[in-house]
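Below you'll find the structure, written out as structure tokens, and then a few comments.
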Amino acid sequence: MSALFSEEVLRRLERIVHPKHGRSVVELGMVSGIVIRGSNVGFALEVDPGEAQAMEPLRRACEDAVRALPGVTSCTVVLTAERRSGPTAPAAAPSGAPRPAPRSDSKPLVPGVRAIVAVASGKGGVGKSTTAVNLAFGLKTLGLRVGLLDADIYGPSVPRMAGASGRPVSVDGRQLRPLESFGVRCMSMGFLVDEEAPMIWRGPMVQSALQQMLADVDWGELDVMVVDLPPGTGDAQLTMAQRVPLTGAVIVSTPQDIALLDARKAINMFRKVDVPIFGIVENMSYFCCPHCGRRTEIFAHGGARACAERYGVDFLAEIPLDPLIRELSDDGRPVVVADPESPQARAYLDLARSVRDRIEAQLGRPTRRPPEIVWV
Ligand code: ADP
């Protein structure tokens, strides 16, 4: 859409007045990062960290105002607080200090969702998203009702990897309906902004966006939601680990020492906020030649298993470095869906079984409700 349209958005927002300051959100310089994709509009509303809760009606008023513009079908506004103003969530206790109460401020953000599993990595490029996507489809193959939330809003790859395209629409004008791909409900900021567009999100915005993708999306009833977290262990990831009622976390690493150092940081991060760690996945663990079938351990395979032992967490799976995994991912057909009988898919299905078992152990009940008996 044209620059003129951004102007229209701003003009409309000039009508929205801050309840305390009595001036418009535009006048107060609260609006930033307007992104327009087709008929979908997104932007950030900068607020004081202490006021985030109280500003929710203002956020909604902005969304409603922009959604009422002709030609706009959806509007997503995220609240953000400047980093210098302090974190939006209590900082984690330093190691050795008493642990904070587990996610005491977490709300049942998504009431129909029985378990939320985060897939995390200490750094980017280790195959976290590939693992998250194949884990989600693996859980679906096991018969669970699955959602996939792409919280990696710096580089959303779920739309491409899960083959989900299009734009989420709102049925009731309040909640967006997730897109469905091979029976998995998917939501990603990538549906709302161009894949090529530079991501405007700063740390606190990431968390705000994530909470809204949980609360403002009509997920329906799910047995498991898989969340692809942004890579790293910064404030944003820590805050998410605290704020989102996670059932457990899966940490993805490659076998090299350098990646494992970062994986340790991820383990420590989840421990600090009392999120159960389901275990570590070693990705690109070894290479199987597609021509001769010979196995080569390019990155000194086995490092993640040793790291898991040292840190007292489970080792969940080793996934080969395999051209098929990459090609199918790039093609939007995860290997678990495209070639479910292949050894590569079986590795992900084993991972899905392990994760399902750990969810059940954590919740103390089966992940899937038994079918209801209807008397006629
Ligand atoms: P991250 O989410 O950690 O940044 P991605 O999942 O986006 O990493 O993976 C980075 C690249 O590596 C992608 O091109 C992906 O297709 C490829 N990749 C990931 N895992 C494997 C694997 N096991 N075998 C081959 N390619 C892989």
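Tell me which of P323, S354, L229 sits at the most positive position along the dipole axis of region 217-376, charges placed on C-beta atoms (Lys, Arg +1; Asp, Glu -1).
S354
Taking a cut-off of 13 Å between Cα atoms, list the aspartates and glutamates near K272, but don't count ones fewer than 8 places away on the same chain.
D235
Under a 5 Å amide H to amide H cut-off, with H placed in plane at 1.01 Å, what residues pair with T76 once short-range neighbours are removed?
V41, G42, F43
At a Cα cut-off below 22 Å, give the lysines reachable from K140, other chains included and same-chain residues fewer than 8 away excluded.
List returned: K128.
Output the peptides 8-18, 225-235 sorted from most to least packed, where packing is the average of other Cβ atoms within 10 Å over each peptide's residues.
225-235, 8-18
Based on alpha-carbon centroids, what's the gap between region 307-335 and region 154-182 in Å, whole number please?
Between the Cα centre of region 307-335 and that of region 154-182, the gap is 24 Å.
Can you give the relative contact order of region 116-363 as a percent, counting alpha carbon pairs under 8 Å and 6+ residues apart?
Averaging sequence separation for qualifying contacts and normalising by length gives 26 percent for region 116-363.
Coordinate-derived values only; no laboratory data. From a predicted model like this one, the values you see are computed outputs, not experimental measurements. Positions of Cβ are backbone-derived with ideal geometry, glycine not excepted, and every protein chain shown enters the neighbour counts.
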